[in-house]
1. Calculate, in nm to one decimal, what Ala127 and Arg292 gain on full extension: separation in residues at 0.36 nm each, minus their alpha carbon distance.
2. Below 24 Å, Cα to Cα, which lysines can Lys84 reach? Residues fewer than 8 away in the same chain don't count.
3. Among Gly315, Ala294, Val205, whose Cα projects farthest towards the positive end of the dipole of the stretch 192-337, with charges put on the beta-carbon of Lys, Arg (+1) and Asp, Glu (-1)?
4. Computed FRET efficiency, Cβ-Cβ of Asn58 and Glu220, R0 25 Å: what is it to the nearest 0.05?
5. Calculated from DSSP H runs of 4 or more alone, at -39500 (n - 2.57) each and per residue, what is the 222 nm mean residue ellipticity of the chain, nearest 500?
6. Using the crude model of +1 on Lys and Arg Cβ and -1 on Asp and Glu Cβ, and no other charge, please compute the dipole size for the chain relative to its Cα centre, in debye to 20.
7. Put one equal scatterer on each alpha carbon of the stretch 162-295, apply the Debye formula with no solvent term, and list log10 I(q)/I(0) at q = 0.16, 0.17 1/Å to two decimals.
8. By the scheme Lys and Arg +1, Asp and Glu -1, what is the net charge of all other residues having a beta-carbon under 13 Å from that of Gly324?
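The values are calculated or read from the model by the stated rules, or taken from the named source; none is laboratory data. This structure is a prediction, so every number in the text was calculated from the model and none was measured. Backbone-built Cβ (ideal geometry, glycine too); neighbour counts: all protein chains shown. The accessibility values were calculated without ligands, DNA or RNA, using every heavy atom of the protein model including side chains. Shrake-Rupley method; radii C 1.70, N 1.55, O 1.52, S 1.80 Å.
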Amino acid sequence: MEQGGKAALGWAARDASGHLSPHSFSRREQRDGDVTIKVLFCGICHTDLHIIKNEWGNAMYPIVPGHEVVGVVEDVGLGVTKFKAGDTVGVGYFVDSCRTCESCSTGHENYCPDVVLTSNGVDRDGATTQGGFCDVVVVDQDYVVRVPESLPLDGAAPLLCAGVTVYSPMMQYGLNAPGKRLGVVGLGGLGHMAVKFGKAFGMTVTVISSSPGKREEAVERLGADAFLVSRDPEQMKAAAGTMDGIIDTVSAWHPLAPLLDLLKPMGQMVLVGVPSKPLELPAFAVCPSGKRLAGNGVGSVSDCQAMLNFAGEHGITADIEVVGMDSVNTAIERLERNDVRYRFVVDVAGSLGAAA
């Protein structure tokens with residue numbers, strides 16, 4: 001353990017098998033401006049799966065995954081003004097940035113070229129960051145958000161990534177106006193959050209999925225206004241040119257042109273899923289009609305706080321399945337098969353000690 005560091009217990013992957021097992025390590029010593037947080041719950045994101053299995057080729061083992069962290073403040077360093085012991089807080093996809101680049105200076109620190117990821121990132125001191133599948137995290141106050149008291153903490157955890165990833169572009173591109181028509185491609189962890197936010201904004205929401213069996217779930221339970229089977233040419237043709245915007249949450253390769261056909265002229269499509277294989281964008285799908293295609297990576301700290309505040313006001317949380325740390329490998333295997341509705345959340349505080 002590093003001199004002055006705080007002992008931490010988590011579960012880590014040691015190789016590309018992605019298998020997690022108990023791991024003791026040291027958190028950094030609390031700096032001025034730092035907040036020390038006892039982790040209560042942590043969501044399991046598809047990004048965690050990519051990282052622990054080294055599917056993006058940048059894994060730095062051992063890796064403690066987890067970047068949808070909800071907990072309670074245990075201690076604060078000198079100069080901390082935003083939080084105090086006992087506050088309920090959250091930590092998302094990143095825990096620091098350079099603070100001086102154009103992105104940081106304009107409130108978009110999520111696009112900082114030197115952003116420090118919560119897990120499998122490189123901290124200022126050169127240490128590899130470890131995520132929320134552990135009992136404690138130490139984070140600069142400027143990268144911590146406050147969780148509204150009205151939200152259940154387990155259901156709030158996935159908002160720190162899945163929630164802000166769809167909320168941020170909806171706000172940025174005007175896909176939050178009552179009466180506008182929004183298409184949501186994919187009904188998973190991100191997609192079901194996009195449906196909930198879209199309905200809370202007062203939009204007409206259509207779920208677009210390759211799985212006909214998800215129709216009842218989308219319409220009857222989540223409240224979507226319509227459902228399109230993306231593999232049905234007749235359904236897709238009938239809906240052509242009807243949507244103001246589309247949020248594409250699918251993380252596997254899929255054709256873009258049929259989805260872009262659904263947009264009105266000058267409509268906006270935003271990619272928030274990250275397929276490992278390149279997607280194809282035919283020029284004819286966007287140029288003749290002025291349609292626009294953008295990408296989005298999570299959101300800024302202020303975006304995340306605004307999203308949590310909105311979620312608190314409207315009672316929006318993720319649909320979750322809570323698991324203990326001793327079941328996390330099974331949960332990850334199920335996630336790989338898309339066998340979850342819609343987000344696993346680890347009860348860290350309630351199970352970590354027993355699991356170890």
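1. Values: separation 165, 0.36 × 165 = 59.40 nm, distance 3.95 nm.
That pair, Ala127 and Arg292, stretches by 55.4 nm at full extension.
2. Lys6, Lys38
3. Ranked along the dipole, the leading option is Ala294.
4. Working: r = 41 Å, r/R0 = 1.64.
Result of the calculation: an efficiency of 0.05.
5. After summing the helix terms and dividing by the residues of the chain, the value is -6000 deg cm²/dmol.
6. Taking the Cα centre of the chain as origin, the dipole is about 840 debye.
7. -0.72, -0.82
8. Net local charge, Gly324 excluded: -4.
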